[in-house]
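What follows is a set of notes on a single structure, which appears directly below.
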Amino acid sequence: MKSSFFFTEKKKLYIKKLFPNNNFKKNLKIKSIKILKKSSKDDLTFFDSIKYKSQALITNASYCITTKKLEKFLPKGVEKIIVKNVLFELAKVLKKIYPDADIDYPDLSLKLANKNKYKSVKFGNNVLIGKNVKIGKNTIIGANSIIEHDVVVGNHCVIGSHVILKNSILGNNVVIQDDCKIGLKGFGFIPLKEKNFKFSHIGRVLINDNVEIASGCTIDRGSVDDTEIGKNTYLDNQVHLAHNVKIGSNCMIAGQVGFAGSSTIGNNVSIGGQAGISGHLTIGNNVKIGGGSGVIKDIEDNQIVMGYPAVSFKEFIKNWKKNNEWNWNR
């Protein structure tokens, strides 16, 4: 399920070509750009926050873009590329290797669905399909939906009307209701004085078996990593997942919940409507988050939280009673 890649490299580049001012022991051709924990030999990675120290200590990358302050946490075998702004340097490298990944260009390979090619699939009117798309048996796709090049859709899926799928891989028995936009570029740029520098997003959206996504949801593809939704998870209407968000299995996400980039949500998590989850957070398993809450720090397993900023439910009720004491005792 996770083998497809949607962006074509302009060309393979050697590390000295990308960073000509560095004196490297080895001038290897860069195989890929990956996050710390997924990198292997010949890969370029990046380390910009102490939050990822545990991943930095065990990375297998050959090269890492980092800062003087953080370089000591990287293995000796990793060649360090010391910079002032890690994400800016990473954005420049991504632009060189994947020049078409910073804008969602229209897929010019789209054609009306060929019913003879997908004989076990039912199509509504005006469905457009890109090249190399794979669609499993007994899948239904509603009118005016667009499935762009190289997307994979599993068996027994239901895709509603006016849905756009790109840079995505879907498992079996996935339901996506009307007007969802999945796999588009997320919100990413480096702010500069004269002009914002766009951050290319080369990741994917991975949707596992038995997931249901209600109408009007937007799910951004990953930047360097992937955005992923675990098995048997349900998203209500108008939920937004930013780039690199990971949602576990058996989760229930109510309407208008928003997830900022690179947040990781455990299994069996329930989130009430209009809650907001800040970026780069870890939410444990079996957590319940009340509607309208604002989560700005990590939450351990088996917690119930509510409020803004979100606190334990007992503390929330205690504070509410205190702040509304006159009405409470009247």
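None of the figures in this text is laboratory data; all of them are computed from the coordinates on show. Worth saying up front: this structure is predicted, and the values here are computed from it rather than measured. When we count neighbours, we look across all protein chains shown, and the Cβ atoms used for this are built from the backbone with ideal geometry, even at glycine.
Taking Cα pairs under 8 Å and at least six residues apart, what relative contact order does the chain come out at, in percent? Show your work: numbers first, answer last.
Details: 920 pairs, mean separation 26.2, N = 330.
Answer for the chain is 8 percent.
Of the listed peptides 281-291, 13-23, what is their order by residue-averaged count of other C-beta atoms within 10 Å, with the highest listed first?
Details: 281-291: 18.7, 13-23: 13.4.
Sorting 281-291, 13-23 by mean packing, highest first, produces 281-291, 13-23.
Rounded to the nearest 500 deg cm²/dmol, what is the calculated helix-only ellipticity per residue at 222 nm for the chain, with -39500 (n - 2.57) per DSSP H run of length n ≥ 4? The partial results should precede the final answer.
Values: 5 runs with 38 residues, N = 330.
The helix contribution divided over the chain gives -3000 deg cm²/dmol.
Counting pairs of alpha carbon atoms under 8 Å apart in space and at least six apart in sequence, what relative contact order in percent does the range 197-330 give?
Values: 394 pairs, mean separation 18.0, N = 134.
Result for the range 197-330 is 13 percent.
What is the antiparallel percent of DSSP beta bridges lying wholly in the range 111-317, to the nearest 5? List each step's numbers first, then the result.
On the way: 6 of 57 bridges.
Percent antiparallel among DSSP bridges in the range 111-317 is about 10.
What does the net charge come to around Val86 if you take all other residues with beta carbon closer than 12 Å to its beta carbon, with K and R at +1 and D and E at -1?
Neighbourhood net charge equals +2.
Of Phe199, Phe73, Phe46, which has the largest mean-square fluctuation in a 10 Å C-alpha GNM of the chain?
So, out of Phe199, Phe73, Phe46, the one fluctuating most is Phe73.
So how do 207-215, 81-89, 93-101 stack up, highest first, on mean other-Cβ count within 10 Å? All intermediate terms of the calculation are to be shown ahead of the outcome.
Working: 207-215: 21.3, 81-89: 16.6, 93-101: 18.1.
So the peptides 207-215, 81-89, 93-101, ranked by packing, come out 207-215, 93-101, 81-89.
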